[in-house]
Each structure stands twice: as C-alpha cells, then as structure tokens.
Amino acid sequence: MPPAPVADVPPAAIADGVAPAKGWLLALIAARELQDAPAVPTAELARDAPQLCAAILRAVGSDAELDLPPLAARAGAMAGAGSPATAVAAVGLLRGALWEALRATMGALDAATTAALAERLAWVCDLVAVAAVSAQRGGEGDRAAFRVRDARDRSRPGTEGGASDADWRAAAGRFLADGRAFVLLALEVDDAARLLAAEPEAGALALARAQDAVRDELRPDDVLGREGDGRLWVVAAGLGASGGRALAERLADAVAAAATLRGAPLAISIGLAAAPVDGTDADALAAHADEALFAARAAGVPVV
C-alpha cells in the first residue's frame, strides 16, 4: 500500500514553491564541477521548478492531488540531466530541498509525523523519478499529463520472489505464543525504486547482493522475509533491544560492504521493534519497526 498523505502540511508550504526550488538549484550547482555549473538551465528551472515543487507538496498532503502536471516528466531536463541516472540523482536532490523546506515551515515534529512525512515525500518523489526516467528514454513521460496512479506498481516494489511476508509473520506468531523474546527488524534499501528505474539490471544485482549480505549475517534460528525488491524483514530470536541494535548495525555494515552500484555502497535504513516491549502481536511490532525505519531515514542514520 502507498503511504498515507500527511494532512498536516501547511498551506504556506504548498503556496511557496520558490524556497525549495531555490534549494534545488543550489544543490544542483553544488553537485557539479565548477566548469560544469553552466549546464544547469537556470532560466527554465526558475520558471518551472516552483510549480513542480508546489505540486509535489500538494501530493504529499492529499491523495486528491496525485495527478501531477507534465512538469513531473520534465524534472530531469529541468535540472540539466542528460541521462536516466542523472535524472534520478536530480530528483534525489529535489527531495532533499523539499524536505528542508517542509521542516523549516512545519517546525518541530514528533517522531511519528516525521516518519510519515519522510515516507510520503519519498514515495511521491519516487514517482516523479519514474516519470523523469521515462521521459529520458522517450517513453510515457512524454504524455501530456503524468498520472501518478498509473505508476504505483512500478514505484512500490511488489511481493514476488523470496521468502514471503507470511513466513516472518508466522515466525513472530510462534515466538509470541511460546513467550520467547525476539526482535523484529524492518530493513529497506534507500532509494531502491529509483535505482531500479535508472539501472534495472545493475540495480537488481545490487539489491540481490544486499539481501545475500543480510542472510549471511543471520543465525540458523533467525527468519528472513522479503517484501519486494529492497525491503526485508528479520525475526531474530532471543535478542532484546540492545542485541537487536547490534545486529542491525552489523547488517547495515554488511550491506554497505557487499552491495555497491557504480562503486558507491548501498545505504539501508533499519527499524527495530522488541517483543513484547514494543508490541504483543505481529501487526503492532511491524508498525513500530516501520515507524522506526522511517525515523532513521529522516534522521540520516542507519538504525532507530
């Protein structure tokens, strides 16, 4: 399921697309070598980026705003991106600029709202990246309008292949019934959808290596479940919060060491829930672990 909209996005943030557009421009220039800075089409970006930013923020706040304008498909060209990979990178910088603008407008937030906001913004920006990559390849991004709903299946990984969601849930249920302490870890490779959109074959190989790296760190009694590309669940028996955190940190290090794309290590965000402290059924534990995962991503740290 796609993440729910965050209704708390204030009208002031949506009305002012200029601030994040400026932040995006500065980030794009900073990401280039000095001699390449003129390749950023500043006039086009200044004209169109505020509208794109406002549209994305409206989609963060409401499902009714999920029909993004044609500007979504032009995000790569607007940033001077010359390839699908650089278009994905440009949308990543846009996401960062939007996040900073949201935080500046909304002020201090509780952990749950921060996690929900980070997840929804990442999801909407994933869809913009899909549109931008499609346009770079001459595909459906050239349509007069880009419907976000048409891209949901491509931007949110499915559940085919690997251990099923039911496997880890069944294991959690058994441990709870037996009164055994355990931790549930929710793991997600950062920007997995954009990696696959930009480089399908290399991205899929990197994600497979990440999963193998996680599996190699687990014990025989641990259970590994896969919920689509780049999203995993681990049930680790006999561990409390401190032991679970140590395991999560080892998993993050193992993924960074084993899985790379174009020489850069994949980053993974991990959320932890300890039973029975954080929940007495699988759904409650999963919700707690997911909330911690998105808090970790929003804070820029691997584990919460």
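The values are calculated or read from the model by the stated rules, or taken from the named source; none is laboratory data. Model, not experiment: these values are computed from the prediction. Calculation scope for accessible area: heavy atoms of the full protein, side chains included, ligands and nucleic acids excluded. Shrake-Rupley method; radii C 1.70, N 1.55, O 1.52, S 1.80 Å.
For region 24-111, averaging the sequence separation of C-alpha pairs within contact (under 8 Å, six or more residues apart) and dividing by the residue count gives a relative contact order of 32 percent. Normalised by the number of residues in the chain, the mean separation of alpha-carbon contacts (under 8 Å, six or more apart) gives a relative contact order of 18 percent.
Dividing the helix sum by the residues of the chain, where each DSSP H run of 4 or more adds -39500 (n - 2.57), gives a mean residue ellipticity at 222 nm of -18000 deg cm²/dmol. Helix 282-299 and the longest principal axis of the Cα set of the chain meet at an angle near 40°. Normalised by the number of residues in region 173-304, the average gap of Cα pairs under 8 Å and 6 or more apart makes the relative contact order 33 percent. Of the solvent-accessible surface of the chain, computed with a 1.4 Å probe and all protein chains present, 55% belongs to carbon and sulfur.
Can you bin region 88-131 into rounded, prolate or oblate? Criterion: square roots of the alpha carbon gyration tensor eigenvalues sorted a ≥ b ≥ c, rounded for a/c under 1.5, prolate for a/b above b/c, oblate for the rest. Don't skip to the answer; put the middle values down first.
On the way: a/c = 3.41, a/b = 1.75, b/c = 1.95.
Verdict is oblate for region 88-131.
With axes computed from alpha carbons, what is the tilt in degrees of helix 42-61 against the longest principal axis of the chain, rounded to the nearest 10 within 0 to 90? Helix 42-61 sits roughly 40 degrees off the main axis of the chain. Accessible surface area normalised per residue over region 240-293 is 44 Å², counting heavy atoms of protein chains with a 1.4 Å rolling probe. Per residue, region 1-116 exposes 45 Å² of solvent-accessible protein surface, assessed with a 1.4 angstrom probe and all protein chains in place.
For the chain, the longest principal axis of the Cα atoms and the long axis of helix 18-30 meet at an angle of about 80 degrees.
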